[in-house]
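Comments concern the structure below.
The values are calculated or read from the model by the stated rules, or taken from the named source; none is laboratory data. Just so we're clear, the structure is a prediction, and the values are computed from it rather than from any experiment. Cβ: placed from backbone, ideal geometry, glycine included. Neighbour counts: every protein chain shown.
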Amino acid sequence: MFIYWNITDLVAISVFLVGLLLRLQNEPYMGYGRVIYCVDIIFWYIRVLDIFGVNKYLGPYVMMIGKMMIDMLYFVVIMLVVLMSFGVARQAILHPDEEPTWRLARNIFYMPYWMIYGEVFADSIDRKTRIHTPCGDNMYDEDGKKLPPCIPGAWLTPAIMACYLLVANILLVNLLIAVFNNTFFEVKSISNQVWKFQRYQLIMTFHDRPILPPPLIIFSHIYIVLKHLCCRCKRNCFPKSAVC
């Protein structure tokens, strides 16, 4: 967790500096800098979770969140394979002549991703596949308008979608919940030890830091350097003296 917080601090400070440089420029870069500020504040709010480690009840939950995030990374890899298999097949069937663009890549993931959370876009299934709308090559409707061509294999899309939802929503999501449940009980059984360790680690972190906060921290660093040089000179001049 200590390394994770260091990475969070590094990312938050780096993003802040990028936003600061953009805010010093003219439009439209000034507006981009404000957006980066808005994104950067997320990392600073997340950093507050580290303070919860001293609390006997909240500390273990922070540890659970960290372990569950690691478990979810493995789940995302498996889910990505299933999502791409359905997204590519669906997009290729419904839009066989679409040009390769960034929008095409977005559409591969967009609807299948939101389907994981239960948004199945049921009202657009038949409309997209044109199952119930008249279609045909060189055919006209009653008003004399030419009918759109039928999409070959469009009827396969609802069937593939049903299989995808069965695997993604029922199998994989419940598998992730089971993994989370196992992690919860694993940390819960040692919650007292976890809290004591996190509390000790947080106290030692603040104990080892300089007293003055930024930007006055530069004076603390100067004091530490001067103290180190004085101790080194004293050891050279008086080898038998006690260490500083």
Which numbered condition residue 59 misses (of (1) at pLDDT 85 or above; (2) touching a helix residue (DSSP H, G or I) at 6+ places or on another chain (Cβ under 7 Å)): (1)
Answer residue from region 157-201, given it is free of Cβ contacts under 8 Å to residues at least 12 places away in the same chain and of a type in the set (Phe, Trp, Tyr) and is farthest from residue 77 (Cα to Cα) among those: 200
Whichever residue in region 179-218 is in the same structural domain as residue 73 (by TED's automatic domain parsing) and among the aromatic types (Phe, Trp, Tyr) and, among such residues, is surrounded by the fewest Cβ atoms within 10 Å (Cβ to Cβ): 185
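Could you please find all residues in region 85-125 being exposed (fewer than 12 other Cβ atoms within 10 Å of the Cβ) and without any contact (Cβ under 8 Å) to a residue 24 or more places away in the chain?
Keep residues of region 85-125 that are exposed (fewer than 12 other Cβ atoms within 10 Å of the Cβ), which gives 96-97, 99-103, 106, 117-119, 122-124.
Result: 97, 99, 100, 101, 102, 103, 106, 117, 119, 122, 123, 124.
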Number of the condition not met by residue 49 [criteria: (1) out of contact with any Asp or Glu (no Cβ under 8 Å at 6 or more places or on another chain); (2) in a helix (DSSP H, G or I); (3) assigned by TED's automatic domain parsing to the domain that holds residue 178]: (3)
Elements of type helices (runs of 4 or more DSSP H) contained in region 153-244, each with 1 or more residues being within 25 Å of the chain's Cα centre (by Cα): 156-165, 173-188, 191-208
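Can you say whether residue 52 is surrounded by 13 or more Cβ atoms within 10 Å (Cβ to Cβ) and modelled with pLDDT of 90 or more, as far as the supplied structure shows? Walk me through how you get there before you give the answer.
Values: surrounded by 13 or more Cβ atoms within 10 Å (Cβ to Cβ): yes; modelled with pLDDT of 90 or more: no.
For residue 52, the condition - surrounded by 13 or more Cβ atoms within 10 Å (Cβ to Cβ) and modelled with pLDDT of 90 or more - is not met.
Might you let me know whether region 72-82 holds any residue that is more than 17 Å from the chain's Cα centre (by Cα), surrounded by 13 or more Cβ atoms within 10 Å (Cβ to Cβ) and in the same structural domain as residue 179 (by TED's automatic domain parsing)?
Of the residues in region 72-82, the ones more than 17 Å from the chain's Cα centre (by Cα) are 81-82.
Now drop any that are not surrounded by 13 or more Cβ atoms within 10 Å (Cβ to Cβ), which leaves 82.
Still in the running and in the same structural domain as residue 179 (by TED's automatic domain parsing): 82.
Yes: region 72-82 contains one or more residues that are more than 17 Å from the chain's Cα centre (by Cα), surrounded by 13 or more Cβ atoms within 10 Å (Cβ to Cβ) and in the same structural domain as residue 179 (by TED's automatic domain parsing).
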